[in-house]
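Can you read through this structure? Questions will come right after.
The values are calculated or read from the model by the stated rules, or taken from the named source; none is laboratory data. Bear in mind that the values here come from a model prediction, so they are computed numbers and not experimental data. With ideal geometry, Cβ positions are generated from the backbone for all residues, glycine too; neighbour counts draw on all protein chains shown.
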Amino acid sequence: MSRREGSLDPQTDSSISSLPHLEAKIHQTHSLARLLTKYAEQLLQEYVQHQGDPFGLPGFSPPRLPVAGLSAPAPGHAGLPAPERLRLDAAALAALPPLLDVVRRRQAELNPRAPRLLRRLEDAARQARALGAAVEAVLAALGAETRGPRPEPAAAAAAAAAAAGVFLAKVLGLRVCGLYRDWVSRTEADLGQLVPGCPA
Amino acid sequence: MPAGRPGPAAQSARRPPPPLPLLLLCVLGAPRAGSGADTAVISPQDPTLLIGSSLQATCSVHGDPPGATAEGLYWTLNGRRLPRELSRVLNASTLALALANLNGSRQQSGDNLVCHARDGSILAGSCLYVGLPPEKPFNISCWSKNMKDLTCRWTPGAQGETFLHTNYSLKYKLRWYGQDNTCEEYHTVGPHSCHIPKDLALFTPYEIWVEATNRLGSARSDVLTLDILDVVTTDPPPDVHVSRVGGLEDQLSVRWVSPPALKDFLFQAKYQIRYRVEDSVDWKVVDDVSNQTSCRLAGLKPGTVYFVQVRCNPFGIYGSKKAGIWSEWSHPTAASTPRSGSLAALLLPCLHLALFFDLLSLCISLVALHRFTLPASLLSPSLNLCLSLSSFLSSASLSLSLTPALSLRLTPPALASLLRPPPFHSHLAQATGIGFLEEMWRRSPFLLLPSISSGAQLGCYAGPWRGPRPRETWREVPEGNAVPPPPPPPPDAGEPPSPARARPLPGAH
């Protein structure tokens, strides 16, 4: 496969699926990522509304606390080869569901009368799993190696969230929702570069 | 003083600050991007306080490199910067805050108290929970739908406004034995309700109560004791039909079916009907509809659309002595009363109406033309046909006065029988021995003469035939009249019988 960013060369690997099938799969996954990017934005807005000010205020800049097992897309991500980018996308999408579950459980204690927020968090976990699986299917169709199952850091994240004070739990939840939005958006962009005719 | 027992959280404001959370220990190995290297902790963490109380808090900076001081730090509460005068520097690394007369928390997740560095970056935060302990819930009411389940509703004490998340738990147990059970399906019929779907015993009382708990304490309602059979309700009656009562302009008939879910149980259902005019919001209730599945509404306005609903109370089920609980109202069913003064509203099919008037018109016109000889016993020099319609429109009867000797009055039931095909009965025929009307009816039910104009006054009353069949000689009918020629007289025709004085039938008025 060509190392040039954004290009596919099916002649280089005979194990790659037929081109029309691959293009359809990429197109479909790209559409899914685009839809989930919208949902991720809505989740973020819903989340900040229920935490109270200053969470929803413009200019609010909480500490960008690292989250166990997941980091934001690196600045150099866009320069990587397509399969590598998709592998990182798939890994992040696989790490997000347990973190979103932890956030949902904590928010169920803090905001029990916010059913829509809780439902969005639950949906986000499922959507992240679905998109991650779709990206791995694209990788398989590309003939690229997908990494094996990764240990989920859910236990560590859950313990940390339970022990954290309420303010810190709110900040961490915001961080996780932000990471979800960032990675889904990143995935949409990475797939978009593979879709014929789609602007890079 | 707040009601209920104080909870352990109420004492949290005075506890020493907790150790650094595990997450902070895990994540603070590397400097945080965009926030400098300073870290801080606010004490107390997440305190719970009564409305109107005060708070003393501190923000302690753990600077790295050393030199980070409390100078320049400031506080915000829910995003709003707090006045400088509320803060004071305790020492080089600690800034204190004093808040008095706290208001209730703005959001359930807690008010955000944040300690900021000089550049505005967030160093630490703590969430304040300011509110009231719950008051005793009251006014518990429960009902069982068809004896299969139990739903309870209650009112939170102090209208539920505690500014803190308050958890309500419905508990129940069999009165003389059994353990406490907790209802699990909440908010089924409103925010303070719970539904127990199954495993309920009949003929034995339950004890039911509600416990309210929040960070500041708890409260328990009084215990309600009930037997499921005493609080049974059912579905609204299905198949409610509303229809007109013949041509009666002020009545509607309502019919329904008893609720099928309880049809196998012995009970004396009570029903209630309510109805209103289409563009009104005022319902009228018919209360005394007991154990029937039909009812007639009277005294209604003519030509008006009415909405009608029915509900059922299955009281007395399995011998229960309690009043039972009314079901919901059925879906509204609409119907309209006939318009006032409509001939169709008073009489049966127009065909019969036209037929009747045609007969009468023919009779009058024939008399007027002297083409038809009435028996002398009937006619008098001052024959005065008086057709009275004045009361026609306002009453439910028609009366025809062929003064001075004859009068006919028809009430709707009598008119109905009058307008049917033969045999035709009338006092006229009885009184005069004239079988004319009957003969005309028999021979030619469709006569061409128009009905009486609206300006005419017409009254007609008829009753059952009482006399022998009259015998009469027929004269020639004017040409052009659709009446067929009379039959030849029977061989034994004789003197006409003496006319009896026309008198109204019993109940004619």
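Over 30 Å from residue B:316 (Cβ atoms) and among the hydroxyl-bearing types (Ser, Thr, Tyr): does that describe residue B:87?
Considered against the rule, which asks whether it is over 30 Å from residue B:316 (Cβ atoms) and among the hydroxyl-bearing types (Ser, Thr, Tyr), residue B:87 comes out as yes.
Right, next: Could you tell me which numbered condition residue B:230 fails, if it satisfies all but one of (1) closer than 12 Å to residue B:142 by Cβ; (2) assigned to a strand (DSSP E or B); (3) of a type outside the set (A, V, I, L, M)?
So the condition that residue B:230 fails would be (2).
How many residues, within region A:33-51, are surrounded by fewer than 21 Cβ atoms within 10 Å (Cβ to Cβ) and facing chain B (nearest Cβ under 7 Å)?
Matching residues across region A:33-51 total 0.
So which residues in region A:166-196 are among the aromatic types (Phe, Trp, Tyr) and within 14 Å of another protein chain (Cβ to nearest Cβ)?
Hit for region A:166-196 is A:167, nothing else.
Which of the residues belonging to region B:217-257 are aliphatic (A, V, I, L, M), closer than 30 Å to residue B:162 by Cβ and out of contact with any Phe, Trp or Tyr (no Cβ under 8 Å at 6 or more places or on another chain)?
B:219
Quick check: anything in region A:92-113 of a type in the set (S, T, N, Q), at pLDDT 90 or above and within 23 Å of residue A:36 (Cα to Cα)? Steps first, please.
To start, the set of residues in region A:92-113 that are of a type in the set (S, T, N, Q) comprises A:107, A:111.
Now drop any that are not at pLDDT 90 or above, which leaves A:107, A:111.
Checking the rest, the ones that are also within 23 Å of residue A:36 (Cα to Cα) come to A:107.
Yes: one or more hits.
Also, quick follow-up: Show me the strands (runs of 3 or more DSSP E) entirely contained within region B:66-145 in which 3 or more residues are away from every other protein chain (no Cβ under 13 Å) and without any contact (Cβ under 8 Å) to a residue 24 or more places away in the chain.
On the way: elements: B:74-77, B:87-91, B:94-99, B:111-116, B:122-131, B:138-145.
Those strands (runs of 3 or more DSSP E) span B:87-91.
Among the residues of region B:246-260, how many are aliphatic (A, V, I, L, M) and surrounded by fewer than 16 Cβ atoms within 10 Å (Cβ to Cβ)?
Matching residues across region B:246-260 total 1.
For residues that are touching a Leu at 6+ places or on another chain (Cβ under 8 Å) and not in a loop (DSSP other than H, G, I, E, B), scanning just region B:151-167, find the one that is farthest from the other protein chains (Cβ to nearest Cβ).
Out of the qualifying residues, it is B:152.
So is residue A:145 surrounded by fewer than 20 Cβ atoms within 10 Å (Cβ to Cβ) and either of a type in the set (D, E, K, R) or modelled with pLDDT of 95 or more (or both) or not?
Numbers: surrounded by fewer than 20 Cβ atoms within 10 Å (Cβ to Cβ): yes; either of a type in the set (D, E, K, R) or modelled with pLDDT of 95 or more (or both): yes.
Yes: the conditions hold for residue A:145.
For region B:337-357, check the following and say yes or no: at least one residue is modelled with pLDDT of 70 or more and buried (at least 16 other Cβ atoms within 10 Å of the Cβ).
Just the residues of region B:337-357 that are modelled with pLDDT of 70 or more, to begin with: B:337-340.
Next, only the ones that are buried (at least 16 other Cβ atoms within 10 Å of the Cβ) stay: B:337-338.
The answer is yes, given that some residue of region B:337-357 is modelled with pLDDT of 70 or more and buried (at least 16 other Cβ atoms within 10 Å of the Cβ).
Residue B:189 fails exactly one of the following numbered conditions: (1) free of Cβ contacts under 8 Å to residues at least 60 places away in the same chain; (2) more than 30 Å from residue B:263 (Cβ to Cβ); (3) in contact with a His (Cβ under 9 Å, 6 or more places away or on another chain). What is the number of that condition?
(2)
Can you tell me which condition residue B:177 does not meet? The list is (1) more than 15 Å from residue B:226 (Cα to Cα); (2) part of a loop (DSSP other than H, G, I, E, B), and all the others hold.
(1)
I need a count of the residues in region B:261-291 that are without any contact (Cβ under 8 Å) to a residue 24 or more places away in the chain, surrounded by fewer than 14 Cβ atoms within 10 Å (Cβ to Cβ) and under 28 Å from residue B:321 (Cα atoms).
Summing the residues that are without any contact (Cβ under 8 Å) to a residue 24 or more places away in the chain, surrounded by fewer than 14 Cβ atoms within 10 Å (Cβ to Cβ) and under 28 Å from residue B:321 (Cα atoms) in region B:261-291 gives 7.
Assess whether residue A:92 counts as being within 14 Å of chain B (Cβ to nearest Cβ), in a helix (DSSP H, G or I) and not polar (S, T, N, Q).
So residue A:92 does not fit the description; no.
Go through the residues of region B:222-230 one by one and say whether even a single one is under 21 Å from residue B:289 (Cα atoms) and of a type in the set (S, T, N, Q).
Checked region B:222-230: no residue is under 21 Å from residue B:289 (Cα atoms) and of a type in the set (S, T, N, Q).
Okay, moving on. Against the conditions (1) surrounded by fewer than 24 Cβ atoms within 10 Å (Cβ to Cβ); (2) touching a residue at least 24 places away in the same chain (Cβ under 8 Å), where does residue A:86 fall short? Just the number, please.
(1)
A further question on this structure: Would you pick out the residues in region B:192-208 that are touching a residue at least 12 places away in the same chain (Cβ under 8 Å) and surrounded by fewer than 21 Cβ atoms within 10 Å (Cβ to Cβ)? Walk me through how you get there before you give the answer.
Here is the first cut: in region B:192-208, the residues touching a residue at least 12 places away in the same chain (Cβ under 8 Å) are B:192-198, B:200-208.
Matches in region B:192-208: B:192, B:193, B:195, B:197, B:198, B:200, B:201, B:202, B:203, B:204, B:205, B:207.
Give the residue, chosen from B:63, B:72, B:110, that is at pLDDT 50 or above and under 51 Å from the mean Cα position of the chain (by Cα).
The match here is B:110.
To continue, here is another question. Which residue is surrounded by the most Cβ atoms within 10 Å (Cβ to Cβ), if the candidates are limited to region B:215-231 and must be more than 17 Å from residue B:171 (Cβ to Cβ) and either out of contact with any strand residue (DSSP E or B) (no Cβ under 7 Å at 6 or more places or on another chain) or among the small types (Gly, Ala, Ser) (or both)?
Checked region B:215-231; the qualifying residue surrounded by the most Cβ atoms within 10 Å (Cβ to Cβ) is B:217.
Mind checking whether some residue in region B:273-295 is over 30 Å from residue B:144 (Cα atoms) and among the aromatic types (Phe, Trp, Tyr)?
No, region B:273-295 contains no residue that is over 30 Å from residue B:144 (Cα atoms) and among the aromatic types (Phe, Trp, Tyr).
Given the options A:68, A:74, A:24, A:78, name the one that is modelled with pLDDT under 95, farther than 30 Å from residue B:77 by Cα and within 14 Å of chain B (Cβ to nearest Cβ).
Details: A:68 fails: farther than 30 Å from residue B:77 by Cα; A:24 fails: within 14 Å of chain B (Cβ to nearest Cβ); A:78 fails: within 14 Å of chain B (Cβ to nearest Cβ).
Going through A:68, A:74, A:24, A:78 in turn, the sole match is A:74.
Please go through region A:52-79 and pick out each residue that is touching a residue at least 12 places away in the same chain (Cβ under 8 Å), more than 15 Å from residue A:175 (Cα to Cα) and either crowded, with 18+ Cβ neighbours inside 10 Å or not small (Gly, Ala, Ser) (or both).
A:77
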